[in-house]
Amino acid sequence: MTLPNTDPAATLARSAIGAMFFSLFGGLWVAAWCVQTYGAQPLRLLPVAAITVLLFMLAWRQFSRHRAAHAAAEQTPQAKRAGRLFNMVNAGQWIAIFIVGNVLKNLGLQAWFIPAVILIVGLHFFPLAWLFKARRHVAIGMALCVWAIGYPFAVRHGPIHPVGCLGAGLILWVAALSAVRAGFAVQQSALPSQK
């Protein structure tokens with residue numbers, strides 16, 4: 001069961017919520033790259049924090065404009081079921097990360113933990129794409145999966161290279177920007193019809 005076609009304003013609000021998560025998690029991944037590459041230097045982390053906050057605030061602005069439509073749409077039985085399924089998918093993601101992390105550790109393959117996490121995060125976007133009827137989620141999931149599988153074989157130090165975190169973060173930041181930009185384009189196209 002997926003969410004029914006709802007008010008476009010509610011869809012924009014849901015998209016903005018996704019963009020908020022993408023901006024925050026993207027920022028965490030890029031910050032992890034920054035710390036692994038340069039150490040915990042505040043001046044190096046400041047641009048990462050600034051970009052994260054900027055993307056989050058743009059998404060928050062979009063959400064705020066459509067908050068009422070979102071609240072109304074969330075009261076439907078379909079939306080409540082979708083919310084439960086969303087929570088199950090996310091719980092499954094975290095459980096899979098925990099299990100895979102322990103298996104890799106027990107096998108002496110801890111170096112593969114970051115690519116495994118990126119792959120699991122990428123895979124979790126596929127059921128969310130179906131659930132929310134969001135093609136963007138398919139693209140995000142594919143990009144993360146390809147990155148997780150490819151980067152360990154493309155860089156000198158393989159799976160332990162910090163570029164894995166950078167790539168995952170940039171993919172999520174681009175997804176956040178794409179969601180906000182799509183919302184802005186819809187709002188701009190709606191303006192002439194309101195006159």
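Please pick out the residue among Arg67, Arg136, Arg61, Arg81 that is within 22 Å of Trp29 (Cβ to Cβ) and charged (D, E, K, R).
Details: Arg67 fails: within 22 Å of Trp29 (Cβ to Cβ); Arg61 fails: within 22 Å of Trp29 (Cβ to Cβ); Arg81 fails: within 22 Å of Trp29 (Cβ to Cβ).
None of the other options fit; the residue is Arg136.
Within the range 37-53, residues that are under 18 Å from Phe25 (Cα atoms) have Cβ atoms under 7 Å from residues that are part of a helix (DSSP H, G or I) and among the polar types (S, T, N, Q) in these pairs: Thr52/Ser23, counting only partners at least 6 apart in sequence or on another chain. Taking the range 63-77 as the range and being surrounded by fewer than 13 Cβ atoms within 10 Å (Cβ to Cβ) and part of a loop (DSSP other than H, G, I, E, B) as the test, only Gln75 passes. Answer yes or no: is there a residue in the range 11-22 that is among the β-branched types (Val, Ile, Thr), crowded, with 21+ Cβ neighbours inside 10 Å, within 21 Å of Trp173 (Cα to Cα) and over 16 Å from the mean Cα position of the chain (by Cα). Yes - at least one qualifying residue is present in the range 11-22. Which residues, taken from the range 62-90, are of a type outside the set (Gly, Ala, Ser), out of contact with any Lys or Arg (no Cβ under 8 Å at 6 or more places or on another chain), in contact (Cβ under 8 Å) with a residue 40 or more places away in the chain and within 16 Å of Gly18 (Cα to Cα)? Of everything in the range 62-90, those that are of a type outside the set (Gly, Ala, Ser), out of contact with any Lys or Arg (no Cβ under 8 Å at 6 or more places or on another chain), in contact (Cβ under 8 Å) with a residue 40 or more places away in the chain and within 16 Å of Gly18 (Cα to Cα) turn out to be Gln62, Phe63, Arg65, His66, Arg67, Leu85, Phe86, Val89. Hey, any hits in the range 53-62 for a residue that's of a type in the set (Val, Ile, Thr), modelled with pLDDT of 95 or more, in a helix (DSSP H, G or I) and within 15 Å of Val180 (Cβ to Cβ)? Checked the range 53-62: at least one residue is of a type in the set (Val, Ile, Thr), modelled with pLDDT of 95 or more, in a helix (DSSP H, G or I) and within 15 Å of Val180 (Cβ to Cβ).
Right, Ala175: crowded, with 16+ Cβ neighbours inside 10 Å, assigned to a helix (DSSP H, G or I) and of a type in the set (Gly, Ala, Ser) or not? Here the answer is yes, as Ala175 does meet what is asked. All conditions but one from (1) over 21 Å from Gly27 (Cα atoms); (2) in contact with a Phe, Trp or Tyr (Cβ under 7 Å, 6 or more places away or on another chain); (3) without any contact (Cβ under 8 Å) to a residue 40 or more places away in the chain apply to Leu131; the one that does not is (3). Being over 18 Å from the mean Cα position of the chain (by Cα) and aromatic (Phe, Trp, Tyr) is the filter here, so list the residues in the range 78-103 that pass it. Scanning the range 78-103 gives a single hit, Phe98.
The values are calculated or read from the model by the stated rules, or taken from the named source; none is laboratory data. Here the structure is a predicted model, which means the values were calculated and not measured. Note: ideal-geometry Cβ built from the backbone for every residue, glycine included; neighbour counts use all protein chains shown.
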